[in-house]
Amino acid sequence: MIKRELVTEVAYSTTISQAVVLKVIDEFTKTVSRALVADKRVDLRGFGIFTVKDTMDRVGRNPRTGIEVKIPASKRIKFKASSLLKKVITTV
């Protein structure tokens with residue numbers, strides 16, 4: 001599902017205009033992004049938890065050549081689905 005389809009679905013099921021739904025979704029994504037940049041945890045009960053994980057420097061290997069490559073430290077976004085979401089997915 002792409003953003004446009006999400007906006008259409010939410011607008012249809014809530015009878016709110018697509019323009020308003022688009023603004024809400026945009027603001028939601030901006031708010032979650034700002035929280036993650038500030039190293040805050042975003043917990044959406046019944047859906048899941050977004051967190052930021054720091055990774056350490058590590059050594060990887062180029063699969064074609066076998067040469068070792070240094071992989072620098074970075075930040076990764078981690079999502080852990082709630083048990084309710086897992087249950088909904090597995091029962092479908």
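The values are calculated or read from the model by the stated rules, or taken from the named source; none is laboratory data. Being a predicted model, the structure only gives us computed values, none of them experimental. Glycine gets a Cβ as well: all are built from the backbone with ideal geometry, and neighbour counts include every protein chain shown. Surface areas here come from the heavy atoms of the whole protein model, side chains and all, with no ligands, DNA or RNA. Shrake-Rupley method; radii C 1.70, N 1.55, O 1.52, S 1.80 Å.
With Cα atoms defining each centre, the stretch 65-92 and the stretch 1-31 are spaced 26 Å apart in the structure.
Overall, the accessible surface of the chain at a probe of 1.4 angstrom is composed of carbon and sulfur to the extent of 61 percent. 3J(HN,Hα) along the stretch 36-42, derived from phi through the Karplus expression 6.51 cos²θ - 1.76 cosθ + 1.60 where θ = phi - 60°, amounts to 5, 4, 7, 6, 9, 8, 10 Hz, with x in place of Gly and Pro. For the stretch 15-58, the dipole from Cβ point charges (+1 on Lys and Arg, -1 on Asp and Glu) about the Cα centre works out to 80 debye, to the nearest 20.
Surface calculation, 1.4 Å probe, protein heavy atoms: Thr55 sits at approximately 30 Å² accessible. Spin-label model, Arg41/Ser17: points 7 Å from Cα along the beta carbon direction are separated by 4.0 nm. Across the chain, the mean sequence separation of Cα contacts (distance under 8 Å, 6 or more residues apart), normalised by length, yields a relative contact order of 20 percent. Placing unit charges on each Cβ (+1 for Lys and Arg, -1 for Asp and Glu) gives the stretch 1-84 a dipole about its Cα centre, and among Val24, Thr14, Ile49 the Cα reaching farthest toward its positive end belongs to Ile49.
Within the assembled protein chains, the solvent-accessible surface assigned to Lys30 is about 110 Å², based on a 1.4 Å probe. Summed over the residues of the stretch 12-92 and divided among them, the accessible surface reaches 85 Å² per residue at a probe radius of 1.4 Å.
Across the stretch 5-18, rounded Karplus estimates of 3J(HN,Hα) from the backbone phi angles (6.51 cos²θ - 1.76 cosθ + 1.60, θ = phi - 60°) give 5, 4, 4, 4, 4, 5, 4, 5, 6, 10, 6, 9, 5, 4 Hz, Gly and Pro being marked x. For the stretch 67-73, putting each phi into the Karplus relation 6.51 cos²θ - 1.76 cosθ + 1.60 with θ = phi - 60° gives couplings of 6, 6, 10, 7, 9, x, 4 Hz, in residue order, rounded to whole numbers and with x for Gly and Pro. Note on Ile49: accessible area approximately 40 square angstrom, rounded to 10, probe 1.4 Å, nucleic acids and ligands left out.
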